[in-house]
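Coordinate-derived values only; no laboratory data. This is a predicted model, so every value here is computed, not measured. Backbone-built Cβ (ideal geometry, glycine too); neighbour counts: all protein chains shown.
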Amino acid sequence: MADLRTNFLGIRSPNPFWLASAPPTDREVNVTRAFKAGWGGVVWKTLGSEGPPVVNVNGPRYGAIHGADRRLLGFNNIELITDRPLQVNLQEIKAVKKAFPDRAMVVSLMVPCDEESWKAILAAVEETECDGVELNFGCPHGMSERGMGSAVGQVPEYIEMVARWCKQHTRMPVIVKLTPNITDIRHPARAAKRGGADAVSLINTISSIVSVDLDRMAPTPTIDGKGSHGGYCGPAVKPIALNMTAEIARDPETHGMPISGIGGVTTWRDAAEFIALGCGTVQVCTAAMTYGFKIIDEMTAGLSNWMDEKGYATLDDFRGLATPNVTDWQYLNLNYVTKAVIDQDLCIKCGRCHIACEDTSHQAIANMVDGRRMFVVKDEECVGCNLCVEVCPVQNCITMQPMAAGSVDPRTGRVVQPGYSNWTTHPNNPMAQVAAE
């Protein structure tokens, strides 16, 4: 059986699945229930400075995007950091860590951008004997208007400064949680590394308005007739999270920096994809809020079974294996030519491939052959775009097959060349000569 144990910055947990800083990690009873269910760790919901707690709204806090079957695709929230007293949180953190010493306990923090505020809260948190801290530089609503959260995460100089303060004032590992609400994720990640941070976690939620209530004519969730932008998460943000994770993993300046992956992790496969891009752990929120803590059983069993099938004994055996295969468009092989092939035994003759290709692409799929309904790819028109694969309701009915080197592409009339060639040397590239040199 595969070994799912994780050592992230010296923080050990029985599996890589941690609950992200969010409502599921706001109090002792929740976290205790999660650990009993089998979660490997948690990032306790963000704590603020000593003093009057923050004030959350007393009405709806969530909005959602649903699929046709009501499955939750995207989730939006306008909730702030914990609204419970700091000392109560600290006492509960200490109690849970004592009760579950084998689980990862990381505490999320957000305080004003001055050294004394960070020094004070780090000293208080350190007394809980937790395993590390996560600096919340990502929250896009409520706190950002107060100069915290993403207001810090969008300024690399601030990230570097605060990370340096934290490393000076605590023995604990420091993780910087990055905001996706930025043009180039590499810059804040580099700043975190310059500041001495031990790791980064990403992504935090995306600033968003999830929908508009056309009866009230206000964004949802709606508070007394008004709405506000909030943080978007859930399965819909996974592609953005994977891309930003890959950018950090392959950037020469941050390559090798430990990463905790966040963003739409709903299944074991999602987790495996983040780990394949180099993540040491994955953090989960929306899936737990949608399906409950017992979803951890499917996640751990699925990941373990897949690893057994692939021959991976530990997470390190496949961690980061996908990162070298992430490249820029200009380096993709232009000698790789494919054509769509429809398996007639699997085809249910629904016609979706034909309609999509005929109306929006390359008119490369015939719908009649010898006077009868049949869907066949016209190689002389097919550019290999694979739209038909994505719209087909039958898995593996349509596949993309590469053409052999030396054969003639009926669409272009050109011989498929062997080997590798990319845009940097292509004759149509006005900079080709410069690139080649």
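Given the DSSP H assignment, sum -39500 (n - 2.57) over each helix run of at least 4 residues in the chain and divide by its residue total; what's the result at 222 nm in deg cm²/dmol, nearest 500?
Numbers: 13 runs with 126 residues, N = 437.
Using -39500 (n - 2.57) per qualifying helix, the result is -8500 deg cm²/dmol.
Would you give the gap between the C-alpha center of segment 32-61 and the C-alpha center of segment 387-411, rounded to a whole Å?
For segment 32-61 versus segment 387-411, the Cα centre distance is 48 Å.
Could you order the peptides 229-242, 1-14, 319-332 from most to least packed, using the average number of other C-beta atoms within 10 Å per residue?
Packing proxy ranking, top to bottom: 229-242, 1-14, 319-332.
Give the cross-link partners of residue 36 among the lysines, using a straight C-alpha distance below 30 Å as the criterion and excluding same-chain residues fewer than 8 apart.
45, 94, 97, 98, 177, 238, 294, 310
Within straight cross-link reach of residue 378, meaning Cα distance under 25 Å, which lysines are found once same-chain residues fewer than 8 apart are removed?
In chain and number order, the partners are 339, 349.
May I ask you to derive the FRET efficiency for residue 390 and residue 168 from their Cβ-Cβ distance with R0 = 60 Å, giving the value to the nearest 0.05?
0.75
Which of the peptides 376-386, 87-97 is most tightly packed, and how do the rest follow, judged by the mean count of other Cβ atoms within 10 Å per residue? Working shown, then result.
Values: 376-386: 16.5, 87-97: 18.1.
Packing order, densest peptide first, comes out as 87-97, 376-386.
In the neighborhood of residue 37, defined by Cβ-to-Cβ distances under 10 Å, what is the net charge if each Lys or Arg adds +1 and each Asp or Glu adds -1? Present the calculation step by step, with values, prior to reporting the outcome.
On the way: positive: 33, 36, 294; negative: 297.
Taking every other residue near residue 37 into account, the sum is +2.
Hey, can you rank 175-185, 297-307 by average C-beta count inside 10 Å, highest first? Show your work: numbers first, answer last.
Working: 175-185: 22.6, 297-307: 17.4.
Taking the mean over residues of other Cβ atoms within 10 Å, the ranking is 175-185, 297-307.
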